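Before any comments, here is the structure.
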Amino acid sequence: MEILLIIVSAIFVNNIVLAQFLGICPFLGVSNKLSTATGMSAAVCFVITLATLVTYLINKYLLLTLGLEFLQTIAFILVIAALVQMVEIVLKKVSPSLYQALGIFLPLITTNCAVLGVAINVVTKEFTFGQPAHMLGLGEAVLYAFATSLGYGLAMVLFSGLREHLALNNVPKAFRGVPIALITAGILAMAFMGFSGIA
Amino acid sequence: MSKFKLITKGLVKDNPTFVLLLGMCPTLATTTSAINGLSMGLATLFVLVLSNMAISLIAPVVPDKVHIPVYIVVIATFVTLLQFLMQAFVPSVYASLGLFIPLIVVNCIVLGRAEAFANKNSIVDSAFDGIGVGLGFTLSLTVIGIVREILGSGSIFGWKFLAGDGMLAFVMAPGAFLVLGYLMVLFNKFVAKK
């Protein structure tokens, strides 16, 4: 039951883009076409889950045991940057086709605040998920990160579908480009507010 | 470029929010009230000025291949410093901005200015550039914060002029996207086309 609550809450209720405002830059930047949006979401999904796993372990066994919690920000961003590099190298060797498909999106993920945001959130905040507030265990943290990244993908794919239609319409001059995209995102966020009663 | 120009160009012509569209996450997330927007802007200004100065000093000796990681570590150092200062002196502001203070590390404005300006200009010019862009960011965040606070809670900087709640949606997520979108339309219509 708790697993289901984590998944629903991370994907719909607290959607990372539309409710928490993380990862807005790629959300606005690469959502022009459905195919690129899907590629970006896949890359982000991969990196968020892996980065959360690694930073969680580093925080628990290295920073907390040595009393170095204040190094969290620096340590996490370095880990994420190194991880993205490593994922890039490994993918290039193991699966050139996937590497080709993700292409330029991989290096961009280092500065996607969704990755650092989720990594910091799971080690500093208390979550409830239908139970008394508690710090997440490793399994819960990774599941939460994975579900969050699925929510990211959902928002990206929905939004890019909307924008593909917008591109065909005659939009007033001052609204063209980002302003109309933001207003569309606002309406999408309003729709997602409807989920807030669920969990 | 004169020092005065360095400061003013960030306010309108190269406004980081309305023209360059940088740093969208904190812009949308922290502008629930005027005071929150203002604090977030000033926090970013602090990091921007210090990191610009530090990077303009070290840029000549940093090997080209590793310059991005080095810049990120420099920025992360100043962000950690800012976290300590805010926890010590303004804990309530730190609590309300929450996650978005450590996330200044990945704010593209800071790394953007390091790459585009600080690494090839003198320390004084870089400091002024940081102040200019930081003020531009602070100004936009405060304006968005004021609009959302008026519509959403019927108050300005915490001073309530309306009885009742206001339109709550404007304090929540949809309001952030809508207010920024419509402000951008006004900016395009009246300011940018000159």
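Some notes on this structure:
- Hey, B:LEU141 of a type in the set (A, V, I, L, M), assigned to a helix (DSSP H, G or I) and modelled with pLDDT of 90 or more or not: yes
- Single residue of A:ALA185, A:ALA191, A:ALA181, A:ALA174 found to be small (Gly, Ala, Ser) and over 30 Å from B:PHE190 (Cβ atoms): A:ALA191
- Residues of region B:96-119 satisfying the condition of being over 24 Å from B:LEU6 (Cα atoms), surrounded by fewer than 18 Cβ atoms within 10 Å (Cβ to Cβ) and within 12 Å of chain A (Cβ to nearest Cβ): B:GLY98
- Count of residues meeting criterion [in a helix (DSSP H, G or I), within 14 Å of chain A (Cβ to nearest Cβ) and among the small types (Gly, Ala, Ser)] in region B:13-63: 4
- Test: residue in region A:99-110 that is without any contact (Cβ under 8 Å) to a residue 60 or more places away in the chain and within 14 Å of another protein chain (Cβ to nearest Cβ): yes
- So B:GLU149, is it in contact with a strand residue (DSSP E or B) (Cβ under 7 Å, 6 or more places away or on another chain) and charged (D, E, K, R): yes
- Among the candidates B:LEU139, B:LEU99, the residue that is without any contact (Cβ under 8 Å) to a residue 12 or more places away in the chain, farther than 29 Å from B:VAL61 by Cβ and not basic (Lys, Arg) is uniquely B:LEU99.
- As for region A:63-70, it holds no residue that is assigned to a helix (DSSP H, G or I), within 13 Å of chain B (Cβ to nearest Cβ), modelled with pLDDT under 90 and closer than 26 Å to A:LEU150 by Cβ.
- Any hit, region B:163-178, residues being within 20 Å of A:PRO179 (Cα to Cα) and part of a loop (DSSP other than H, G, I, E, B): yes
- B:VAL66 vs. criteria assigned to a helix (DSSP H, G or I), under 24 Å from A:VAL123 (Cα atoms) and not acidic (Asp, Glu): no
- For region A:82-125, filtering for residues that are of a type in the set (Gly, Ala, Ser) and surrounded by fewer than 21 Cβ atoms within 10 Å (Cβ to Cβ) leaves 5.
- Test: residue in region A:168-182 that is surrounded by 13 or more Cβ atoms within 10 Å (Cβ to Cβ), out of contact with any helix residue (DSSP H, G or I) (no Cβ under 7 Å at 6 or more places or on another chain) and not in a helix (DSSP H, G or I): yes
- Residue within region A:142-154 that is farther than 21 Å from A:ILE3 by Cα, part of a helix (DSSP H, G or I), touching a helix residue (DSSP H, G or I) at 6+ places or on another chain (Cβ under 9 Å) and aromatic (Phe, Trp, Tyr) present: no
- One residue stands out among those in region B:69-113 that are under 16 Å from B:GLY134 (Cβ atoms) and in a loop (DSSP other than H, G, I, E, B): the one that is modelled with the lowest pLDDT, which is B:ASN107.
- Looking across region A:33-50, the residues that are closer than 22 Å to B:LEU21 by Cα and away from chain B (no Cβ under 14 Å) come down to A:LYS33, A:LEU34, A:THR36, A:ALA37, A:MET40, A:SER41.
The values are calculated or read from the model by the stated rules, or taken from the named source; none is laboratory data. Values in this document were obtained by computation on a predicted structure and should not be read as measured data. Backbone-built Cβ (ideal geometry, glycine too); neighbour counts: all protein chains shown.
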